[in-house]
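Take a look at the structure set out below.
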Amino acid sequence: MLDYANLVLPWYSCRSTGDNGLKRMVEFEPDYNYSKYGEAFLPNSTCAMSTLQQGFTGSLLSTSRCYEAWCGTDHRVRLIVNGEEYYCKKDGQQAKFSGFAGSITCPPAAQVCANRKLKEIFGVTSLFPDRGPIDGQNLVAIVGNNYDNYQNVTITLGTVPCEIKVYKDNYILCKLQKPDDNTQKLIREKSNILKQTLDTNTEKNEYRMFKAFYVVKSTNNRTNTTYPDSYYFTKRKYDTGMKD
């Protein structure tokens, strides 16, 4: 029994422009224009269900299409359309891109990342707390792995530096600095959790972004990793958005 599940059997390859890839699509549909849908037939492309297309509205039906993608050592997928990157925090999330209507459904990371070379990144499993007041003194715990692979690490939550107090291979504790009053007001406004549903580009909001800058010990290269929608600053811890 397959529990009445739909099966999607690929009849062309997302990683080829030849006879078994893009060329086959063009033969099947002579007017096919993959750029209209933000598709890419590249060695690192993956298949994903999508309603994405240029115009005012997305496709009425979700269709399997090909998109450039990469996986980090956190085993999560990043989709790329026209050079714009979207971080898939979880499977099934709807990825939106500038200049396109509709969305791409984030494909299962376990399948997409299974046969790929993973890009070395500063992996974060969780932050605690994930929101809090911006009056200084807040300690934030960062849980992940392989932090001993990096050196000269600096961390920023939103636009606020977080001074590292404890640093272990799978755990970091840092203390947020206290911005001035005007900066606090701006940050609370820009990171308001209730405005998230109205923000079409929440994944690009720098005021809610975790950022780590570091040097990879094995290569001595300085790089950075960002995680969107990771932290919310409020007037009080776990603020509901209600007025005082």
Checklist entry - Just to be sure, is residue 89 in a loop (DSSP other than H, G, I, E, B), within 12 Å of the chain's Cα centre (by Cα) and either at pLDDT below 95 or among the small types (Gly, Ala, Ser) (or both)? => result yes
Checklist entry - Considering only residues of the range 33-73 that are surrounded by fewer than 20 Cβ atoms within 10 Å (Cβ to Cβ) and in contact with a Leu (Cβ under 9 Å, 6 or more places away or on another chain), which is modelled with the highest pLDDT? => result 70
Checklist entry - Among the residues of the range 90-101, is any in contact with a Leu (Cβ under 6 Å, 6 or more places away or on another chain) and farther than 24 Å from residue 231 by Cα? => result yes
Checklist entry - Among the residues of the range 213-233, is there at least one that is in a strand (DSSP E or B), at pLDDT 95 or above and in contact with a Phe, Trp or Tyr (Cβ under 8 Å, 6 or more places away or on another chain)? => result yes
Checklist outcome for this item: Listed by first then second residue, the pairs whose first member lies in the range 166-187 and is outside the structural domain of residue 135 (by TED's automatic domain parsing), whose partner is part of a loop (DSSP other than H, G, I, E, B), with beta carbons under 7 Å and at least 6 positions apart or on separate chains, are none
Checklist entry - Is it fair to say residue 198 is modelled with pLDDT of 90 or more and either surrounded by 16 or more Cβ atoms within 10 Å (Cβ to Cβ) or out of contact with any Cys (no Cβ under 9 Å at 6 or more places or on another chain) (or both)? => result no
Checklist entry - Can you pull out the residues in the range 99-149 that are small (Gly, Ala, Ser), in contact (Cβ under 8 Å) with a residue 40 or more places away in the chain and in contact with an Asp or Glu (Cβ under 7 Å, 6 or more places away or on another chain)? => result 123
Item to check | Residue, surrounded by the fewest Cβ atoms within 10 Å (Cβ to Cβ), within the range 174-195, restricted to residues that are touching a strand residue (DSSP E or B) at 6+ places or on another chain (Cβ under 7 Å) and of a type outside the set (D, E, K, R) | outcome: 177
Checklist entry - When the range 93-111 is examined, which residues are found to be polar (S, T, N, Q) and assigned to a loop (DSSP other than H, G, I, E, B)? => result 93, 98, 103
Item to check | Identity of the residue in the range 129-142, modelled with pLDDT of 90 or more and closer than 12 Å to residue 174 by Cβ, that ends up surrounded by the most Cβ atoms within 10 Å (Cβ to Cβ) | outcome: 142
Checklist entry - Just one of 150, 167, 171 is surrounded by 16 or more Cβ atoms within 10 Å (Cβ to Cβ), at pLDDT 95 or above and over 21 Å from the mean Cα position of the chain (by Cα); which is it? => result 150
Next on the checklist: Looking only at the range 201-212, filter to residues that are at pLDDT below 60 and not β-branched (Val, Ile, Thr); which one of those is farthest from residue 73 (Cα to Cα)?
Outcome noted: 201
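The values are calculated or read from the model by the stated rules, or taken from the named source; none is laboratory data. Computed from a prediction, not measured in an experiment: that's the story for all the values here. Glycine also receives a Cβ, built like all others from the backbone with ideal geometry; neighbour counts cover every protein chain displayed.
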